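Just below is one structure, and these are the notes that go with it.
The values are calculated or read from the model by the stated rules, or taken from the named source; none is laboratory data. Quick caveat: nothing in here was measured; it's all calculated off a predicted structure. Quick reminder, even Gly has a Cβ in these numbers, built from the backbone with ideal geometry, and neighbours come from all protein chains shown. Each accessible area value is taken on the protein alone, full model and side chains, heavy atoms only, with ligands, DNA and RNA left out. Shrake-Rupley method; radii C 1.70, N 1.55, O 1.52, S 1.80 Å.
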Amino acid sequence: MVKARMAEAKVWRTCVGMMANLIEEAAFKFTSEGVKMRAMDPSHIALVDFELPARAFEEYSVKQSTVLGINLLEMNKIMSRGKAEDELILELDEKQNRLGLTFKGASTRRLSLPLIDVREVELPEPKLQFTAAAEVSAGVIQDGLKDAEMVGENVKFELNEDGLTISAESDRGTAELKLSRGDKALAKLNVRQAAKAMFNIKYLSDITKSASSTGLITIDLGTDLPLQLDFPVAGGKGRIRFLLAPRIEAG
Amino acid sequence: MVKARMAEAKVWRTCVGMMANLIEEAAFKFTSEGVKMRAMDPSHIALVDFELPARAFEEYSVKQSTVLGINLLEMNKIMSRGKAEDELILELDEKQNRLGLTFKGASTRRLSLPLIDVREVELPEPKLQFTAAAEVSAGVIQDGLKDAEMVGENVKFELNEDGLTISAESDRGTAELKLSRGDKALAKLNVRQAAKAMFNIKYLSDITKSASSTGLITIDLGTDLPLQLDFPVAGGKGRIRFLLAPRIEAG
Amino acid sequence: MVKARMAEAKVWRTCVGMMANLIEEAAFKFTSEGVKMRAMDPSHIALVDFELPARAFEEYSVKQSTVLGINLLEMNKIMSRGKAEDELILELDEKQNRLGLTFKGASTRRLSLPLIDVREVELPEPKLQFTAAAEVSAGVIQDGLKDAEMVGENVKFELNEDGLTISAESDRGTAELKLSRGDKALAKLNVRQAAKAMFNIKYLSDITKSASSTGLITIDLGTDLPLQLDFPVAGGKGRIRFLLAPRIEAG
């Protein structure tokens, strides 16, 4: 038995929207402690690591650990049918091999999604030695990426004692966004050692575009290491983490 | 002479928008009592029955009953040029064989539409023995149809003592909307005998999509009978009625 | 050295947006007195004449008159990345032969644009004997043009003692907008001699569509003369002027 109820459908909707930008099929693991999903995108450049504990739900009943194979694009279509303030109930229909999603608002609307076979792969949690971290307004990151998109395909992230720089350069021009220590949009800055690395803009856009622009993102960076982006979910009770492989500059 | 003035262009705009989703050409009959139009869609699956009495207008002068052949798509384009709060004046220009539509707001804008020949067909008013009726928020019906669209081509309407159910089912999943007696969005429920019937979603979407989501729709239903949907116009002084043929389930 | 700072990016954004609808490449002349740009559209039907004096900027340093060749479409893309309330700094990077555009808001974002070679043509200021003028709400002109677009390719402007008329006519119907002396949207009317002339709607739409609908346009008209449209910039400190050649009616 799997049944989980949350007060606001938009929490699940935002999570599914962010995952669906990178991954088409996913295995959600429901245990008594909560829901987890870890998967890589088809080209193995980005890893998604999602966790939402039982206490993030108003009601949560999972008797036995259960893995549900979900087509994220289909689930995203269903979630986009809900209103932000609707109550959401997820419920496994074992007989029909479907997941029911019920929205309670002006009416009660139940949509169901056929479950699919998803090969569950054990992905070890990567251990990375990041040397700098920052907590930044999501809207600012989205702006910096859109600027960079006009110029090139890759974008450089830099964290040092002064702050965060996001930059791109090509024959078409240059783009550079700076957040300095003290700027309101730079909520935290923690630099053990200055770090910089380059990433593919397309992936970063897919990761960040469905995030609420008013939320915060935690960035962890190490020179030429993958970029780690953490988005808090349900007021910080859960999170979606993305790890994105760097582009190593020639020379 | 045909001249009719209404305080808010949006009343006529909504009506024309709803009709134009189903019908391309229509014969509007202006009599001293008001305006009427009855027509079937090209595939004879839906009937539109429109009535707006003279008292729904601020000024209404029709000396002699006159039938005006109108291309609804063209009239819809013109109406979409008006502002919701503009005053609207409809006036026949017999010399030019055109209908003038004047919007009075920040400026005075007069657009004219060539009249066309439309074969006027006498459509008898169907007598149907509906057994259940409900008055429902239009937005809820629109939601139920959009849900159902994700799943299949047909949608089932059911009215019984408990309330209204709109549902669809296919290999792609299921969708079910319920309004229960007591729900705010179910303004009235009147069931002599429980009734259910199935309809084509595409037609229902065309009928309902231009309605204001905050308005009310009156639904009349009988098992395997056509569905009757009434939309009040001009605060209930007039109405647009749609009758839609059912899809009979095999077996 | 060329450096100019303005309090609100939207002032420059609106100007660039309006120019970019007509012209792809432009030579901006920065002198100690301010910025000027005059150019004709590729088909030589419309002339753009832009002036923004030094006092329209918070900070303005131009040591030596400098002509900057700009691809307006590229600059328009960059300007659309700024927020309306951002501060904007334009700064010439002589070494890189680029123009830097810096937006200061929640973050500091610097984008740069490669300068291009634009043949600077001396366009004499046309001397035209207009006989009638009016100051009109931009939104009303935009409405009149959209109405006329539904009907034909050309639109007639008429100014006389009664007011302004914008009209079009074809087999498809007629469209006529009237603003009368005393209408709020007709801020000024000054008629020495009644005037009318016909213009291509497509050009007029391109000229007016990026203007703020709440702003005012000054219209100067003479029978069969070009139409002159003036849009105030930065609270009237500068302006964009458009001159559009008339269509002469046969007969």
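Observations, loosely collected:
- Inverse of mean 1/r across different Cα pairs in segment C:1-57, Kirkwood, Å: 12.3 Å
- Farthest toward positive dipole pole in the protein assembly as shown [+1 Lys/Arg, -1 Asp/Glu at C-beta], among A:Met6, A:Gly182, B:Thr174: A:Gly182
- With only the Cα atoms considered, segment B:82-145 has a convex hull volume of 195 Å³ per residue.
- For A:103-116, mean number of other protein chain Cβ atoms within 10 Å: 6
- For A:Glu153, solvent-accessible area (1.4 Å; no DNA, RNA or ligand), Å²: 130 Å²
- Positive-end residue of B:Ile23, B:Ala106, B:Ile248, charge dipole of chain B with Cβ unit charges: B:Ala106
- Test item: A:166-175 mean partner chain Cβ contacts at 10 Å: 4
- About the centre of its Cα atoms, chain C shows a dipole size close to 780 debye [charges on the beta carbon of Lys, Arg (+1) and Asp, Glu (-1) only; nearest 20 debye].
- Other-copy label distances relative to A:Arg181, 7 angstrom Cα-Cβ extension, nm: 7.0, 7.0
- Order of exposure, largest accessible area first, which applies to B:Ile116, B:Ile219 with probe 1.4 Å: B:Ile116, B:Ile219
- Two tests apply to each whole DSSP H helix in chain A, Cα reach of 20 Å or more along its axis and mean Kyte-Doolittle hydropathy of at least 1.6, and none passes both.
- When chain C is reduced to its Cα atoms, the Kirkwood hydrodynamic radius in Å: 19.2 Å
- Whole-percent pair-distance distribution, where bins are 5 Å wide, for the alpha carbons of segment B:2-114: 2, 12, 22, 26, 22, 11, 4, 1, 0
- Protection proxy ranking of C:158-168, B:235-245 - average other beta-carbon atoms within 10 Å, highest first: C:158-168, B:235-245
- Per residue of C:138-146, other chain Cβ atoms within 10 Å of the residue Cβ number 2 on average.
- For segment A:132-244, size of Cβ-based charge dipole, Lys and Arg +1, Asp and Glu -1, in debye: 440 debye
- Shape box of segment A:114-179 [Cα atoms, principal axes, largest first, Å]: 46, 29, 22
- Other-chain or far-sequence residues with amide H under 5 Å of C:Thr108's (modelled H): A:Lys178
- Per residue, chain B exposes an accessible area of 47 Å² to a 1.4 Å probe, with every protein chain left in place.
- In the assembled protein chains, B:Asp220 presents an accessible area of approximately 30 Å² (probe radius 1.4 Å).
- Distant-in-sequence amide contacts of B:Thr223, defined by a placed amide H-H separation under 5 Å and a gap of 5 or more residues or a different chain, comprise B:Thr131, B:Lys196.
- Above 24 Å, the calculated P(r) of segment A:132-244 contains 17 percent of its Cα-Cα pairs.
- Per-selection metrics, segment B:189-246 (Cα): Rg and Dmax in Å: 12.1, 32
- Trypsin sites (Lys or Arg not before Pro) lying in DSSP loop within segment A:163-225, provided at most 10 other Cβ fall within 10 Å: A:Lys184
- Reach of C:Lys77 by Cα under 23 Å, taken over lysines that are not fewer than 8 positions away in the same chain: A:Lys146, A:Lys156, A:Lys178, A:Lys202, A:Lys209, C:Lys3, C:Lys10, C:Lys29, C:Lys36, C:Lys104, C:Lys202, C:Lys209
- Computed with a 1.4 Å probe over protein heavy atoms only, the accessible area of B:Phe28 comes to about 0 Å².
- Dipole magnitude of the protein assembly as shown, debye to nearest 20 (Cβ charges: Lys/Arg +1, Asp/Glu -1, about Cα centre): 1160 debye
- Total accessible surface hidden between B and C, rounded to 100 Å², 1.4 Å probe: 1200 Å²
- Projecting the Cα atoms of B:Pro226, B:Leu88, B:Ala132 onto the charge dipole of chain B, computed from C-beta unit charges around the Cα centre, puts B:Leu88 farthest toward the positive end.
- Of the trypsin sites (Lys or Arg not before Pro) in segment C:1-68, those whose Cβ has at most 11 other Cβ within 10 Å and which sit in DSSP loop: C:Lys63
- Relative contact order of chain A, pairs being alpha-carbon contacts under 8 Å that are 6 or more residues apart, as %: 21 percent
- Evaluated at q = 0.07 Å⁻¹, a Debye calculation over the C-alpha positions of the protein assembly as shown (equal weights, vacuum) places log10 I(q)/I(0) at -0.73.
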